[in-house]
2 protein chains.
Amino acid sequence: MDAEAPVRRRRTRIQTEKRELILDAALDVFSQHGFRGATIDQIAEAAGMSKPNLLYYFRSKEAMFTTLIERLLQTWLAPLRELDDIGDPIGELRSYIRRKLEMARDYPRESRLFANEILQGAPRIQHLIEGELKPLVDEKAALIKGWMKAGKIAKTDPWHLIFSIWATTQHYADFDVQVRAVLGPDRGGDGRFEDAARYLEQLFLEGLRPKG
Amino acid sequence: MDAEAPVRRRRTRIQTEKRELILDAALDVFSQHGFRGATIDQIAEAAGMSKPNLLYYFRSKEAMFTTLIERLLQTWLAPLRELDDIGDPIGELRSYIRRKLEMARDYPRESRLFANEILQGAPRIQHLIEGELKPLVDEKAALIKGWMKAGKIAKTDPWHLIFSIWATTQHYADFDVQVRAVLGPDRGGDGRFEDAARYLEQLFLEGLRPKG
DNA sequence: CTAACGTTTGTCCAATCGGTCAAAAATGCG
DNA sequence: CGCATTTTTGACCGATTGGACAAACGTTAG
């Protein structure tokens with residue numbers, strides 16, 4: 001049931017630190033090569049320690065991955081959790097999009113790791129998707145539906161709306177190589193996220209139809 | 001230069017057939033597990049033949065992958081190639097979005113294989129992205145920019161517009177497991193693509209701002 | 001100092017990997 | 001038929017993989 005470290009009684013200071021160090025290295029390697037493509041040796045080297053030493057802190061490659069992806073999902077869903085009925089609907093959605101785009105910019109490894117797992121059929125996190133993600137999305141979809149009924153935003157499908165926000169924002173993390181290559185060295189630099197933010201705001205709020 | 005089969009002189013009927021059979025099996029396996037995650041044994045079993053026999057038709061795992069992804073890119077870019085100045089701009093974009101969504105529906109394996117490769121930094125197709133994809137996108141972005149200047153569609157960033165079309169449509173192939181799980185057994189069935197089509201059309205044309 | 005406990009590593013192992021090879025089986029052709 | 005060519009396979013190989021293990025090393029409390 002618990003896929004954790006030696007943990008006889010309490011967790012040592014060293015254990016806490018080294019586990020964090022390992023998880024960071026593992027995130028590097030897993031997000032770049034996927035679960036099967038990553039090797040324990042690679043992770044150990046990235047963490048600056050020997051393979052058996054790494055396996056002293058995590059009993060298996062699977063344990064590292066699980067720990068990583070469960071923690072990641074919480075971070076990843078946080079912005080959606082914050083979506084609520086306090087401000088005005090348009091503003092709420094606008095800042096949700098902005099926050100998701102910031103996450104793609106600041107935590108691209110997490111995004112890629114998650115994408116990799118879903119791409120391969122989510123064999124290790126199916127239960128999290130059905131048990132955590134779906135209920136949360138259903139709840140927020142209901143909230144959004146309320147805004148539509150009240151005429152605060154245009155009537156459309158709230159689930160697909162959420163999908164499209166995920167897709168467009170995470171695209172800048174998951175397909176980063178392609179985005180950069182297509183934009184070229186000038187436009188593909190640091191400014192690409194501000195350009196994306198401006199574009200996405202217009203897309204979601206106004207669409208492409210010319211005014212007037 | 002040519003990473004092909006035994007090919008002494010011409011390609012036999014059997015060679016042509018078996019190579020197609022193998023490529024189909026390889027697409028199954030590669031799209032599910034990525035390049036490193038896939039094994040020749042898996043592909044051989046999926047193709048219903050022995051491993052050495054498979055290696056008689058393709059000299060290596062890499063050769064299968066390369067053949068597959070080069071062919072795939074052509075299919076994948078075809079809809080964008082068709083984008084031109086003949087019809088009215090709004091209609092052109094509308095049908096581009098529709099075609100891309102149909103491809104996500106009909107060729108999800110291709111989409112996933114491509115996504116997998118990009119996710120991992122496109123180590124094997126960097127040259128195709130820079131040599132083929134970028135020029136095509138630049139060309140079409142210029143076309144779209146012309147439409148904006150002429151007031152046919154709203155002024156915005158054509159490159160990011162293309163990204164957002166890719167992201168939203170391919171999402172339904174790449175994140176299929178998640179989409180289905182979130183929509184549930186009722187809404188996640190065959191109708192999800194029609195729902196998506198309706199939603200995306202509204203998003204891209206009108207945005208979320210309520211009318212009036 | 002020393003015993004107990006936490007940490008680190010060198011060495012090893014069975015399983016799996018991509019790929020080779022020679023020989024057998026099937027096929028095409030005069 | 002008989003011969004050449006193409007197709008198929010079992011056996012094998014070196015390299016890499018995830019992981020086990022015991023011995024060594026470090027740290028700390030009494």
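The values are calculated or read from the model by the stated rules, or taken from the named source; none is laboratory data. No experiment lies behind these values; they were computed from the predicted model shown. When we count neighbours, we look across all protein chains shown, and the Cβ atoms used for this are built from the backbone with ideal geometry, even at glycine. All accessible areas refer to the heavy atoms of the entire protein, side chains included, with ligands and DNA or RNA removed. Shrake-Rupley method; radii C 1.70, N 1.55, O 1.52, S 1.80 Å.
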Condition met for A:Ser31 (under 24 Å from B:Phe30 (Cβ atoms) and either open to solvent by less than 10 Å² (accessible area, probe 1.4 Å) or among the polar types (S, T, N, Q) (or both)): yes
Lone unmet requirement of (1) more than 21 Å from A:Gly34 (Cβ to Cβ); (2) in contact (Cβ under 8 Å) with a residue 12 or more places away in the chain; (3) within 15 Å of DNA strand D (Cβ to nearest atom) for B:Lys100: (3)
Residue ID - surrounded by the fewest Cβ atoms within 10 Å (Cβ to Cβ), chosen from residues in segment B:43-57 that are more than 8 Å from DNA strand D (Cβ to nearest atom) and more than 23 Å from the chain's Cα centre (by Cα): B:Gly48
Meets criteria (at the interface with another protein chain (Cβ under 7 Å from one of its Cβ atoms) and farther than 17 Å from B:Glu82 by Cα) for B:Ala150: no
Test result for B:Glu201, within 21 Å of the chain's Cα centre (by Cα), farther than 30 Å from A:Pro123 by Cβ and touching a residue at least 40 places away in the same chain (Cβ under 8 Å): yes
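The rows are residues; the columns are (1) within 7 Å of chain A (Cβ to nearest Cβ); (2) open to solvent by 60 Å² or more (accessible area, probe 1.4 Å).
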residue	(1), (2)
B:Ile118	yes, no
B:Gln126	no, yes
B:Leu143	no, no
B:Ala154	yes, no
B:Trp159	yes, no
B:Ser164	yes, no
B:Tyr172	no, no
B:Val177	yes, no
B:Arg198	no, yes
